[in-house]
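Note sheet for the following structure.
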Amino acid sequence: MTQDIQGKVIVITGASSGLGEATARHLASHGAIVVLGARRMDRLQKIVDEIQAAGGKALALQTDVTRQADVQALVDKAVSSYGKIDVMLNNAGLMQQSPLEKLKIDEWDNMIDINLKGTLYGIAAVLPQMKSQQFGHVINVSSVAGHKVTPAGTVYCATKHAVRAISEGFRQEVKDYNLRSTIISPGAIDTELPSHITDSESSEAIGGFYASAAIPADSFARIVYFARSLNLKMSISTRYSIGPPLSRYKRHLLPSRHRS
Ligand code: NDP
């Protein structure tokens, strides 16, 4: 399996914490060259330094995925440094749960810009290069929220449903170019994700649920490793779900007046 990771150039957005960071460290430890983007450059640089100190290859570029030019610059840096791109992991994301009636419109905009447009910008940045290479693999991060809609999760769920729609459209459109695509739909995984919720009731409900049920971030990293390692010489689409059992989500993620 390591053969299909060794020397592969893997761009990861949202690599400064959580799932992106865990994946960068895991793949680099198996010989991948990781190119990391996020806004917190101090965090990225520390990850790069530690990967390099362990004998791995990594570089980082400050990237705000809401800016198409930043995402393009990240991918261009990967290609100019290493001559190709094997995998684009569109991972950067934001979850800010709140009931619609709270009208947290700035938070809606942020989630749409980061989760939805950020994923599209990632695809736009790699597609011409992958088409001309005639190989490449785009991995998009959806969520359980991309399959189920919960009250107070409406906009986050909408963005993660959209990520699945974009991934499916991508799969249908790139079949002729020998490209691969994967959707990963995580459930609760222990990261900074819930810390951005500003609605107190949602924060309490989700914080409590994560404290009791979330699984470690390296489980996601191992799924990415597995998805990448399948040694298939063809255009293929794969889908994975990972997280605590769905039965554990009931009640916890609902604001109190929606619990029966
Ligand atoms: P974290 O909050 O730990 O990580 C989010 C990452 O996204 C950070 O590296 C952050 O970096 C980056 N990010 C946020 N906004 C931007 C931006 N504008 N430009 C570039 N990078 C940005 O959460 P996770 O690791 O959990 O989240 C990773 C992905 O997994 C997200 O898409 C999330 O929706 C998804 N997911 C996570 C689940 C979980 O339970 N943890 C469950 C389902 C899906 P910085 O702030 O430095 O820019």
**Close pairs (7 angstrom Cβ cut-off, 6 or more residues apart or separate chains): under 19 Å from residue 15 (Cβ atoms) and within 12 Å of the ligand (Cβ to nearest atom) in the range 135-161, in a loop (DSSP other than H, G, I, E, B) and at pLDDT 95 or above anywhere** = 141/91; 141/93
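With 78, 28 as the choices, which residue is more than 11 Å from the ligand (Cβ to nearest atom), farther than 30 Å from residue 194 by Cβ and part of a helix (DSSP H, G or I)?
Checking each option against the conditions leaves just 78.
Of all residues in the range 138-160 being within 20 Å of residue 124 (Cβ to Cβ) and not hydroxyl-bearing (Ser, Thr, Tyr), which is surrounded by the most Cβ atoms within 10 Å (Cβ to Cβ)? Step through it out loud before you land on a result.
Residues of the range 138-160 that are within 20 Å of residue 124 (Cβ to Cβ), as a first pass: 138-142, 159-160.
With the extra rule that they be not hydroxyl-bearing (Ser, Thr, Tyr), the set shrinks to 138-141, 160.
On the way: 138: 26, 139: 25, 140: 25, 141: 27, 160: 29.
Filtering first and then ranking leaves 160.
Report, by residue number, each residue of the range 33-42 that is touching a helix residue (DSSP H, G or I) at 6+ places or on another chain (Cβ under 8 Å) and either in a loop (DSSP other than H, G, I, E, B) or within 10 Å of the ligand (Cβ to nearest atom) (or both).
Within the range 33-42, 36, 37, 38 meet the criteria.
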**Message:** On the basis of being within 14 Å of the ligand (Cβ to nearest atom), modelled with pLDDT under 95 and either assigned to a helix (DSSP H, G or I) or buried (at least 16 other Cβ atoms within 10 Å of the Cβ) (or both), does residue 66 make the cut?
**Reply:** no
**Any pair with Cβ under 8 angstrom, 6 or more apart, that starts in the range 199-220 at a residue that is away from the ligand (no atom under 13 Å from the Cβ) and ends at one that is modelled with pLDDT of 95 or more and in a helix (DSSP H, G or I)** = 199/102; 203/194
**Message:** Can you pull out every residue in the range 165-194 that is touching a Leu at 6+ places or on another chain (Cβ under 7 Å) and more than 7 Å from the ligand (Cβ to nearest atom)?
**Reply:** 166
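Search the range 1-21 for residues being more than 8 Å from the ligand (Cβ to nearest atom) and part of a helix (DSSP H, G or I), and hand back the single one that is surrounded by the most Cβ atoms within 10 Å (Cβ to Cβ). So that I can check it myself, show each step before the final result.
Of the range 1-21, the ones more than 8 Å from the ligand (Cβ to nearest atom) are 1-12.
Next, from what is left, pick out any that are part of a helix (DSSP H, G or I): 2-4.
Numbers: 2: 11, 3: 11, 4: 16.
Filtering the range 1-21 for residues that are more than 8 Å from the ligand (Cβ to nearest atom) and part of a helix (DSSP H, G or I), the one surrounded by the most Cβ atoms within 10 Å (Cβ to Cβ) comes out as 4.
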**Item:** Any pair with Cβ under 7 angstrom, 6 or more apart, that starts in the range 2-31 at a residue that is on the phi > 0 side of the Ramachandran plot and ends at one that is in a helix (DSSP H, G or I) and buried (at least 18 other Cβ atoms within 10 Å of the Cβ)
**Value:** 14/20; 18/193
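Can you tell me which of 116, 120, 94 is farther than 16 Å from residue 63 by Cβ, in contact (Cβ under 8 Å) with a residue 12 or more places away in the chain, within 16 Å of the ligand (Cβ to nearest atom) and surrounded by fewer than 21 Cβ atoms within 10 Å (Cβ to Cβ)?
Numbers: 120 fails: farther than 16 Å from residue 63 by Cβ; 94 fails: farther than 16 Å from residue 63 by Cβ.
Of the residues listed, the single one that is farther than 16 Å from residue 63 by Cβ, in contact (Cβ under 8 Å) with a residue 12 or more places away in the chain, within 16 Å of the ligand (Cβ to nearest atom) and surrounded by fewer than 21 Cβ atoms within 10 Å (Cβ to Cβ) is 116.
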**Asked** Taking the range 43-63, which residues are over 23 Å from residue 192 (Cα atoms) and not in a loop (DSSP other than H, G, I, E, B)?
**Response** 52, 53, 57
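For the range 97-113, give me the residue count where each residue is near the ligand (Cβ under 10 Å from one of its atoms) and either over 18 Å from the mean Cα position of the chain (by Cα) or surrounded by fewer than 19 Cβ atoms within 10 Å (Cβ to Cβ) (or both).
2
The values are calculated or read from the model by the stated rules, or taken from the named source; none is laboratory data. Values in this document were obtained by computation on a predicted structure and should not be read as measured data. Reconstructed Cβ throughout: ideal geometry from the backbone, glycine too, with neighbour counts over all protein chains shown.
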